[in-house]
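Colleague: Take a look at the following structure, please.
The values are calculated or read from the model by the stated rules, or taken from the named source; none is laboratory data. Quick caveat, the model's predicted, so the values are computed rather than measured. For neighbour counting, all protein chains shown are included, and Cβ atoms are generated from backbone atoms with ideal geometry for every residue, glycine included. Quick note on the areas: whole protein, heavy atoms, side chains included, nothing else; ligands and nucleic acids left out. Shrake-Rupley method; radii C 1.70, N 1.55, O 1.52, S 1.80 Å.
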Amino acid sequence: MKLNVFLCASFLLTPNFAASAEAFSALDAWKELDHNLQTHYAYLDDFKGYQQTRQLFENKLNNLDSKQAFIDLSQAYLRHFTDPHLNLGPLNEKDYSVYPTGADMYVEFNDNSALIIDVKRSSDADVKGLKPGDKVTRVDGNTIPEAIQDVMQVPLSQLNKAQKSYALNIALGGKRYQKREIEFQRDTKLVTVELAASYDAINALGNGPKVSYAKIDEFGHIRFNNAMGNTQTVDEFKAALKSLGKVKGYVIDLRNTPSGGNTGVAEPILGHFTAAPSVYQKYRTQTKAVQFNKAELKDAFTKPAKQQIKVPFVVLAGRWTGSIGEGMTIGFDALGADAVIGAPMADLLGGIKRLDLAQSDAWVEVGFERLYHVNGNFREDFEPNIIVAGDMDKYGEDVALETAVSVLHSKTDKQVKK
């Protein structure tokens, strides 16, 4: 009903609509966004170029004459923080897909090209033959510098290497629900492929199992399928344990959890790996009155759950392990995983909340809780104990899974010899 009224008003250009449009104050909208970041965002001090970037975008944002223009440019501003958890909406079909959910490859900026470091297994990028080591040279017809500048809305010279790489990964995810054209170089040959909308593969998971499992040798491999906010995942995990039966060890695979989830799903699963209430991570909460570094450091607990896992287990993590997937990874490490294997994780910073921005009819999601490993280190600083290239190597092999099985063999073979 409200949408129809708005559309009618936009066509008629009634005096009331004109007055509403004139009422928008970019200055007030900027002050509101800036205040919320400074008050609630617990990772603000991590952005070393914050003051310079803030001044640059303050000047840009104050000169806008519509809420939509303010939203669009504010999204570019927040990308400079290189935090996938820091998002502003509402989102429309002209916006970029949210990273890392909308990503099927991971790249790094290298000599005005995008060097592919990792490709997400079973994604369209994988199906169409892209491999680690390939160099992307154009995205939807744009050169790499052009693609970066479109994402960040500043010249390339004003960005550091981390920001350029972050922008590239967003650009390669494409616009929401739109196909992408990727030109890449392998050796001396240029190849152009059309990739499906990056959300297609991740959305298709919703029609399948939340948890997949199989036996590899005498071990159970349990993989989570990006449903860490769905309580059905807990039930399917329990069912997987029962169906696998007696095994000598487990591979817990968190490499496909880019969209995160919540502790209501994570904690019951972690509970299978502890015989007593145990701390699996720590946190500090930033409020209007107290900055995170002055807040009390609190413990997050998991309680024992049946069936209890009493055999060795290893964890797989990587660039599509996000948010609560990262929390579970450090939690498993704290609960005694024999190894965490994989690539660096997605670094979705903190526990988030959504704040309304009344001046621009928008919202912003900010990390207001700083999260810590039980050893006191920041969650985002954690890396796997055994580093491998990623979801696949240049031959398409799953080196991480192979390494996990090898670690379990080493562990269980030693136990047998004893």
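Colleague: Residues that are within 23 Å of VAL98 (Cα to Cα) and at pLDDT 95 or above: find the strands (runs of 3 or more DSSP E) completely inside the range 338-418 holding 3 or more of those.
Modeller: 351-357, 362-372
Colleague: Something else: Considering only residues that are crowded, with 20+ Cβ neighbours inside 10 Å, assigned to a strand (DSSP E or B) and of a type in the set (A, V, I, L, M, F, W, C), which ones fall in the range 100-116?
Modeller: MET105, VAL107, PHE109, ALA114, ILE116
Colleague: Now a separate question. In the range 212-233, is there at least one residue being open to solvent by 10 Å² or more (accessible area, probe 1.4 Å) and in contact with a Phe, Trp or Tyr (Cβ under 6 Å, 6 or more places away or on another chain)?
Modeller: No, the range 212-233 contains no residue that is open to solvent by 10 Å² or more (accessible area, probe 1.4 Å) and in contact with a Phe, Trp or Tyr (Cβ under 6 Å, 6 or more places away or on another chain).
Colleague: Check LEU316, LEU297, LEU348 and return the single one that is surrounded by 24 or more Cβ atoms within 10 Å (Cβ to Cβ) and over 18 Å from TYR250 (Cβ atoms).
Modeller: LEU348
Colleague: While we're on this one: Is it true that ASP391 is in contact with a Pro (Cβ under 6 Å, 6 or more places away or on another chain) and acidic (Asp, Glu)?
Modeller: The answer is no for ASP391.
Colleague: Of these, PRO84, PRO132, which one is part of a loop (DSSP other than H, G, I, E, B) and buried (at least 22 other Cβ atoms within 10 Å of the Cβ)?
Modeller: The conditions single out PRO84.
Colleague: Among (1) part of a loop (DSSP other than H, G, I, E, B); (2) farther than 30 Å from TYR395 by Cα, which single condition is ASN36 missing?
Modeller: Unmet for ASN36, out of (1) part of a loop (DSSP other than H, G, I, E, B); (2) farther than 30 Å from TYR395 by Cα: (1).
Colleague: Within the range 275-286, can one find any residue that is under 28 Å from ASP398 (Cβ atoms) and not hydrophobic (A, V, I, L, M, F, W, C)?
Modeller: The answer is yes, given that some residue of the range 275-286 is under 28 Å from ASP398 (Cβ atoms) and not hydrophobic (A, V, I, L, M, F, W, C).
Colleague: Against the definition (surrounded by fewer than 22 Cβ atoms within 10 Å (Cβ to Cβ), more than 27 Å from ARG255 (Cβ to Cβ) and modelled with pLDDT of 95 or more), how does PRO209 come out, yes or no?
Modeller: Spelling it out, it is not the case that PRO209 is surrounded by fewer than 22 Cβ atoms within 10 Å (Cβ to Cβ), more than 27 Å from ARG255 (Cβ to Cβ) and modelled with pLDDT of 95 or more.
Colleague: Looking at this structure, is ILE148 within 16 Å of TYR96 (Cα to Cα) and assigned to a helix (DSSP H, G or I)?
Modeller: yes
Colleague: Working only within the range 319-340, note down all residues that are open to solvent by less than 10 Å² (accessible area, probe 1.4 Å) and within 18 Å of the chain's Cα centre (by Cα).
Modeller: TRP320, THR321, GLY322, GLY325, GLU326, GLY327, MET328, THR329, ILE330, GLY331
Colleague: Go through the range 255-276 and give me each residue that's closer than 18 Å to LYS303 by Cβ and in contact with a Pro (Cβ under 7 Å, 6 or more places away or on another chain).
Modeller: GLY271, THR274, ALA275, ALA276
Colleague: Please state which of the following conditions LYS310 fails to meet, knowing it meets all the rest: (1) within 23 Å of VAL211 (Cα to Cα); (2) in a strand (DSSP E or B); (3) not small (Gly, Ala, Ser).
Modeller: (2) is the only condition that LYS310 fails.
Colleague: Does the range 229-241 contain any residue that is farther than 21 Å from GLN307 by Cα and in contact (Cβ under 8 Å) with a residue 12 or more places away in the chain?
Modeller: Yes - at least one qualifying residue is present in the range 229-241.
Colleague: Moving on. In the range 39-60, what residues are more than 15 Å from HIS80 (Cα to Cα) and surrounded by 12 or more Cβ atoms within 10 Å (Cβ to Cβ)?
Modeller: THR39, HIS40, ALA42 - these are the residues of the range 39-60 that are more than 15 Å from HIS80 (Cα to Cα) and surrounded by 12 or more Cβ atoms within 10 Å (Cβ to Cβ).
Colleague: Between residues in the range 357-373 that are under 17 Å from LEU78 (Cβ atoms) and in contact (Cβ under 8 Å) with a residue 12 or more places away in the chain and residues that are of a type in the set (Asp, Glu) and open to solvent by 30 Å² or more (accessible area, probe 1.4 Å), which pairs lie under 6 Å by C-beta distance while being six or more apart or on different chains?
Modeller: LEU357/GLU32; GLN359/ASP28; GLN359/GLU32; TRP363/ASP356
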